[in-house]
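Only one structure is covered here, and it is reproduced in the block below.
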Amino acid sequence: MQLSEQELIRREKLAKLREIGIDPYPAALYPVDATSKSIKQDYEEGKKVTIAGRLMSRRIQGKASFAELQDSEGRIQVYFNRDEICTGEDKTLYNDVYKKLLDIGDIIGVEGELFTTQVGEKTVMVKNFKMLSKALRPLPLPKQDAEGNTHDEFNDPELRYRQRYVDLVVNPKVKETFVKRTKITNSIREFYNERGYLEVETPILQPIPGGAAARPFLTHHNALNIPLYLRIANELYLKRLIVGGFDGVYEFSKDFRNEGMDRTHNPEFTVMELYVAYKDYNWMMDTTEQLLEKIAIDANGTTKITVGKNEIEFKAPYARVPILEAIKIHTGVDVAGMGEVELRETAKKLGLEVDETMGVGKLIDEIFGEKCEHHYIQPTFITDYPKEMSPLTKEHRENPALTERFELMVNGKELANAYSELNDPIDQRERFEDQLKLSEKGDDEAMFIDQDFLRALEYGMPPTSGIGIGIDRLVMLMTNNSSIQEVLFFPQMRPEKKPVQLSDNEKIIYDILKKENKMTLEDLKTKSELSNKAWDKGIKSLTKQNLAKVDKEQDTLFVSIAD
């Protein structure tokens, strides 16, 4: 492992701390009795406090120093005075430990008394401090120049998502997002618990990846010697519990889908699913409106939320639009009653890419997704989906070609999916068999047949309504974030590229090139001041590693940074 100069210096300080008998990583409990927030809220002049946190800044002026300590609640100013800390003749704790061996980012404990500075800032007068954890890497802290411009901010998304622990330390607003995420899930729990619904847990490893149309992750259980799937949904297990006699169950479920990644999709995501006996999808729409009103108020104090350029109103009631009507409104085409061939031709005329594996359900889904979905900014229930799109949904009581299903659209994206649940075991078996035919045509997202779930239905499931709400997307809305990676502590990332090790000569050439970006081969060689042999070896290695490229323009060779 190649260490930077700062990392080497910090390791030297670590060794010196140990030499003078200070354990830089002590095991004993540290008796914290206050936080930065509690000190400011319940301030009492002269009060003794014990706090702990990360040293984030300091201004040393001889035998005194002001510094900032950051804990889980924010920052508090602390005042180090040599004679307050070192009351005897031995001044090592201040002169050596504090001034020379502490670094920004170190975690320390502080015992002290509260006082107010001349400029009115609440401060802790340090009476004693203790090293709790030595930071061996420097924090990427932003800096401000004399004009107030901020430089060196830690804002590169790749680094922020990969090193979330650093992101949380140096970007306080990031922490606010995740605090709000917890408020949102707590709000949902309160809403359902007050109504007597039971929070449950169901299997993540499943023999059948049922409950949704999605490509699963496959694994293998060695002891049982069987294939298992990471769940794509928990729906079928929750319905088994309704069969078993529970009137209302819900679960915050980690689901996994082996599909693409983008700003609104992560292969591992969180869904809340609720199933309530003796209800239908009309009741679920009413209930969902009430739930989202509560969430908005609990998270933001208002039902009006700003998302990008849009102001979204979560106060009920929400518009309710049948999906076929939505397609007719936004495309001018009435697709009701169309068969697969006609739908495919219609989709092509609308400029959509479709293939032979797509049945009626997928074709309608594609048309709606591409031509209609983005129009629904305010919360809107899109209802009454065709039967081919909804293999787990009860047939519509007024139109047998449709089902009693809705999707809730907000800000142009699906937030929730809900049904009057299909509880006819014979009808359900036929729907599964239709899905099997789609699978045989090449649809790798078609549902599997879950024989045990069919057996459960044969024992009788009461009329039931169920809903799944995407928690990650809900948090995105409530926190005004446009990327799912911003609301996941540790989003899935591509493998980290290993840093390229360059020789001294290669570094000389590459550093020149980074400043210029592009220059003639001859000028670069001259500026590097390397011998012919060293130059040839260095430039060949850089092009081989795809760090530099050589292009000919007319009769001149140019070198530039590779894309």
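The values are calculated or read from the model by the stated rules, or taken from the named source; none is laboratory data. Quick caveat, the model's predicted, so the values are computed rather than measured. Virtual Cβ from ideal backbone geometry, glycine too; neighbours counted across all protein chains shown. What goes into the accessible areas is simple: the full protein's heavy atoms, side chains included, and nothing from ligands, DNA or RNA. Shrake-Rupley method; radii C 1.70, N 1.55, O 1.52, S 1.80 Å.
Key figures
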quantity	calculated
Per-region count, segment 45-70, residues more than 40 Å from the chain's Cα centre (by Cα) and acidic (Asp, Glu)	1
Filter result (assigned to a loop (DSSP other than H, G, I, E, B), under 30 Å from Leu502 (Cβ atoms) and either open to solvent by 90 Å² or more (accessible area, probe 1.4 Å) or charged (D, E, K, R) (or both)) within segment 1-38	Met1, Gln2
Filtered residue count, segment 77-119, keeping only those that are closer than 23 Å to Arg11 by Cβ and part of a strand (DSSP E or B)	3
Listing of helices (runs of 4 or more DSSP H) fully contained in segment 275-359 that carry 1 or more residues being under 20 Å from Phe406 (Cα atoms) and open to solvent by 40 Å² or more (accessible area, probe 1.4 Å)	281-300, 323-331
Residue in segment 128-142 that is nearest to the chain's Cα centre (by Cα), counting only those that are touching a residue at least 60 places away in the same chain (Cβ under 8 Å) and assigned to a strand (DSSP E or B)	Ser133
First in segment 415-430 and without any contact (Cβ under 8 Å) to a residue 60 or more places away in the chain, second anywhere and assigned to a strand (DSSP E or B) and open to solvent by 40 Å² or more (accessible area, probe 1.4 Å), Cβ under 7 Å, 6 or more apart	none
Filter result for the condition that a residue is touching a Gly at 6+ places or on another chain (Cβ under 7 Å) and open to solvent by less than 70 Å² (accessible area, probe 1.4 Å), over Gly148, Gly196	Gly196
Within segment 508-563, tally of residues that are open to solvent by less than 80 Å² (accessible area, probe 1.4 Å) and in contact (Cβ under 8 Å) with a residue 24 or more places away in the chain	25
Top-ranked residue of segment 465-507 - restricted to ones that are of a type in the set (A, V, I, L, M, F, W, C) and either assigned to a loop (DSSP other than H, G, I, E, B) or open to solvent by 50 Å² or more (accessible area, probe 1.4 Å) (or both), ranked as nearest to Leu238 (Cα to Cα)	Leu488
Residue identified as open to solvent by 20 Å² or more (accessible area, probe 1.4 Å) and at pLDDT below 95 among Glu268, Glu235, Glu259	Glu259
Scope segment 515-563; condition in a loop (DSSP other than H, G, I, E, B) and at negative phi; matching residues	Leu530, Ser531, Gln545, Leu547, Asp555, Ala562, Asp563
Unique match (being hydrophobic (A, V, I, L, M, F, W, C) and either within 29 Å of Leu422 (Cβ to Cβ) or touching a Cys at 6+ places or on another chain (Cβ under 9 Å) (or both)) among Ala316, Ala299	Ala316
Check on Phe432, within 34 Å of the chain's Cα centre (by Cα), among the aromatic types (Phe, Trp, Tyr), over 25 Å from Tyr318 (Cα atoms) and open to solvent by 50 Å² or more (accessible area, probe 1.4 Å)	no
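Here is a yes/no grid of residues against (1) open to solvent by 10 Å² or more (accessible area, probe 1.4 Å); (2) in contact with a helix residue (DSSP H, G or I) (Cβ under 9 Å, 6 or more places away or on another chain); (3) more than 18 Å from Ser465 (Cβ to Cβ):
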{"position": "Ile377", "(1), (2), (3)": "yes, no, yes"}
{"position": "Glu388", "(1), (2), (3)": "yes, yes, yes"}
{"position": "Leu392", "(1), (2), (3)": "no, yes, no"}
{"position": "Glu395", "(1), (2), (3)": "yes, yes, no"}
{"position": "Phe406", "(1), (2), (3)": "no, yes, no"}
{"position": "Asn411", "(1), (2), (3)": "yes, yes, yes"}
